[in-house]
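The values are calculated or read from the model by the stated rules, or taken from the named source; none is laboratory data. Please read these numbers as outputs of a predicted model, since none were measured by experiment. Every residue, glycine among them, receives a Cβ derived from its backbone with ideal geometry; neighbour counts consider all protein chains shown. The accessibility values were calculated without ligands, DNA or RNA, using every heavy atom of the protein model including side chains. Shrake-Rupley method; radii C 1.70, N 1.55, O 1.52, S 1.80 Å.
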Amino acid sequence: MVRLCEWKRAFEEGSKVYCYVSNSSNSLSLRLGNAFLSMFVRFGKLGDAWYVFGKMVERDVFSWNVLISGYAKKGFFDEALCLYHRMLWVGFKPDVYTFPCVLRTCGAVPNLERGKEVHVHVIRFGFEADVDVINALITMYVKCGDLPKARLLFDKMARRDRISWNAIISGYFENGEYLEGIRLFFKMREHWFDPDLMTMTSVISACESLGNERLGREIHGYVIVTGMSADVSVCNSLIQMYFSLGCWETAEKVFDRMEWRDVVSWTAMISGYENNVLPDKALDTYRMMELHGFVPDEITLASVLSACAYLGKLDMGIKLHELAKRTGFISYIIVANTLVDMYSKCKCVDKALEVFHSIPDKDVISWTAIILGLRLNNRCFEALIFFRQMKVSLKPNSVTLVSVLSACARIGGLMCGKEIHAYALRTGMALDGFLPNALLDMYVRCGRMGPAWNQFNSQKKDVSAWNILLTGYAQRGQGKLAVEFFNRMIKSNVSPDEITFIPLLCACSKSEMVTEGLKYFNSMELKYGVTPNLKHYACVVDLLGCAGQLEEAYEFIQEMPIKPDAAIWGALLNACRIHRQVELGEFAAQRIFESDRRSVGYYVLLCNLYANSGKWDEVAKVRKMMKDNGLVIDPGCSWVEVKGKIHAFLSGDDFHPQINEINALLEGIYEKMRVAGLGGPKCDSMDGVEISKAEIFCGHSERLAVAFGLINTVPGTPIWVTKNLYMCQSCHSTIKFISKIVRREISVRDTEEFHHFKDGICSCGDVEILRKALTNTTSERN
């Protein structure tokens, strides 16, 4: 009856039988006790099994084997090994069933020393010739990473079965020795052993790991010839292999030819599309999966959520979140982590925080996802706070550090970035993955070209590293230095990629090096084999437009071999803003809003164009359009780092503890500007257009940050400020004056470029100011 309950998995009935027996007797016979032991172990009730074991008057090897196996299967490996040693202690001799279980336990820990000890027992008790025991020994050694010992055992076997071959082949694969594992697979065929499904799935996975498409296709052919292509697990492995090799169309053919599919098949397709940057196909496949009546598992949900994050499909992401709650998959950390990522990338970071806080046992990926999410949503302060909280309980990995460094770079947090650099050096992660380039990018964006060069010279100089430094020169408008650096890159035998030419062309644009910029653009494909994309065309439009060649820029757009996107028309709109060409600017704006009505930047450019020209009614219309579309302009915010701590100042901030001191200092500076004949922050020489535009689109938050830096640092200390909007003419003039009277170097990085002020002179050369003055003069003459 007990065996029937076990076979039928009838736990309730089996428990009733046990209660009846317990009430009628204080002890259990050997046969009945073993039956109860086997039943409770099968049901996973180890507490009940242990109680039965204690009540048994007599025990045999089977009793011990069942209990050891039960603890091992539930993951209690140390307890299983303790039971094995207790079994030996009380005088029981292990049998052919004992050793495979104990050896699997040693491999699962893994514990090589214990495994070797059990190997000695195998020899002592005379089981060194038993195939099942030797197979278990081979598996134990490969799990513990001792391939030479496993191979020695395999080679000495007088008789092998298919399990022996599978154990050694999969062992080589698990330890990264794919080629030797493949050789053993062919040797297995030479010895007339037919591989089974387990063999083929592991061999296909090895082809995937090797990235060998030709070998993978040959194995696929063998699968078809042997008739194993009808097995769903083999087809699933083939799908994963082809997607990993980038052959997604072949993966589709395998999937389409499958007679029967399971959840793993659909998940393999969805995750494959997502990994191959085909998110639309991933979502289409998921919809088909639902139509066929399949319920997704946690891996499916994570893959589909990643596709939603890539495409910004918030509505579908919310539905998947609800599904995860209903099915209980929300408890899987992979699903929760992907939800955090999805909400962050869909600009719902508060919802991402809600999901993050609901995760009971957060891992490194959880913390990294929320830190990156906060950075993507320009909440860099919080990102740094979360990073410090994370370090209390978990060790961040290189991906975490890259995300935090990006946040430091965004707000100019140099000291925090240096701390992370030191942490990376201490933990040995300074050369991991993209981290060296992330450090380089942080120094460049914080305006420290000296430390950036030190980092550049100490790391591997790949094309990304060259691009980052090139971007640094572009941001500073140092076109000649950018060109020199590019030539040095070519002489170093580093081939430029499509990203390289973007900062190079931008640097030429800022320095009005039109001839040089066009030369590099025209040589991209002919000389360097890089096909220009939409971003490069946008750079050329900006190059021509900023130099005042608006007609040439428009003609260039008309002659493009590809359809211009919003960014290209945006570059033309920006040029029209600079040179106050309202009619052409309106035409460019119309083209932009045909394809993109959600990007705030284009509305700001159009507002700037109208404001520059004094068309305030049109400014009001554009701002109403923004309001109707649910768009808002970010308030002006500036960050300054003082004594290793980052301070933020919003436009019109009246809540800072030192706001009275800051305002008093600024009023004193304004008075000195008036005495010097500069007229203060809103002087008579500035027209109403500039004053009103500055109030709307600048906010003057950088003045508060500079004043705070002056108050809280010793004389002569340089001040570094980062701002989220552009710097207006008034702030530019004010900070130039401050740098002269206090004899300080002040650097301000706005959205367009670096401004380095020293002795009343700015590194930008007042190019933008001169352009505006020239435009004003031209307008007055007309």
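State whether the residues of segment 472-481 include one that is loosely packed, with under 15 Cβ neighbours inside 10 Å and not assigned by the TED database to the domain that holds residue 764.
Yes, segment 472-481 contains a residue that is loosely packed, with under 15 Cβ neighbours inside 10 Å and not assigned by the TED database to the domain that holds residue 764.
Looking only at helices (runs of 4 or more DSSP H) that fall completely inside segment 156-269, which ones have 1 or more residues that are over 25 Å from residue 130 (Cα atoms), in contact with a His (Cβ under 7 Å, 6 or more places away or on another chain) and free of Cβ contacts under 8 Å to residues at least 60 places away in the same chain?
In segment 156-269, the matching helices (runs of 4 or more DSSP H) lie at 232-244.
Could you tell me which residue of segment 332-347 is nearest to the chain's Cα centre (by Cα), considering only residues that are open to solvent by 40 Å² or more (accessible area, probe 1.4 Å) and at pLDDT 95 or above?
The residue in question is 345.
Is segment 647-659 home to any residue that is surrounded by fewer than 12 Cβ atoms within 10 Å (Cβ to Cβ), of a type outside the set (Asp, Glu) and modelled with pLDDT of 90 or more?
yes
Return the pair list, or none, for Cβ contacts closer than 9 Å from residues in segment 365-377 that are surrounded by fewer than 24 Cβ atoms within 10 Å (Cβ to Cβ) to residues that are of a type in the set (Lys, Arg) and modelled with pLDDT of 95 or more, at least 6 apart or on different chains.
376/345
For residues that are assigned to a loop (DSSP other than H, G, I, E, B) and of a type in the set (Ser, Thr, Tyr), scanning just segment 707-761, find the one that is surrounded by the fewest Cβ atoms within 10 Å (Cβ to Cβ).
751
Taking segment 185-212 on its own, how many of its residues are of a type outside the set (Val, Ile, Thr), within 14 Å of residue 167 (Cα to Cα) and surrounded by 20 or more Cβ atoms within 10 Å (Cβ to Cβ)?
5
Could you check residue 295 against (1) touching an Asp or Glu at 6+ places or on another chain (Cβ under 8 Å); (2) among the aliphatic types (A, V, I, L, M); (3) at pLDDT below 95; (4) more than 24 Å from residue 203 (Cα to Cα) and say which number it fails?
(1)
For segment 533-547, check the following and say yes or no: at least one residue is over 27 Å from residue 751 (Cβ atoms) and either outside the structural domain of residue 606 (by the TED database) or open to solvent by 20 Å² or more (accessible area, probe 1.4 Å) (or both).
No, every residue in segment 533-547 fails to be over 27 Å from residue 751 (Cβ atoms) and either outside the structural domain of residue 606 (by the TED database) or open to solvent by 20 Å² or more (accessible area, probe 1.4 Å) (or both).
Is it the case that residue 20 is assigned to a helix (DSSP H, G or I), open to solvent by 20 Å² or more (accessible area, probe 1.4 Å) and farther than 27 Å from residue 107 by Cβ?
Yes: the conditions hold for residue 20.
Within segment 166-211, which residues are in contact with a Leu (Cβ under 8 Å, 6 or more places away or on another chain) and not hydrophobic (A, V, I, L, M, F, W, C)?
Listed by number, the residues that qualify are 171, 172, 175, 177, 178, 208, 211.
Please work out if residue 107 is of a type in the set (Gly, Ala, Ser), at pLDDT below 95 and closer than 21 Å to residue 175 by Cβ.
When the stated conditions are applied, residue 107 passes them.
Right, residue 525: more than 22 Å from residue 577 (Cα to Cα), at pLDDT below 95 and among the charged types (D, E, K, R) or not?
So residue 525 fits the description; yes.
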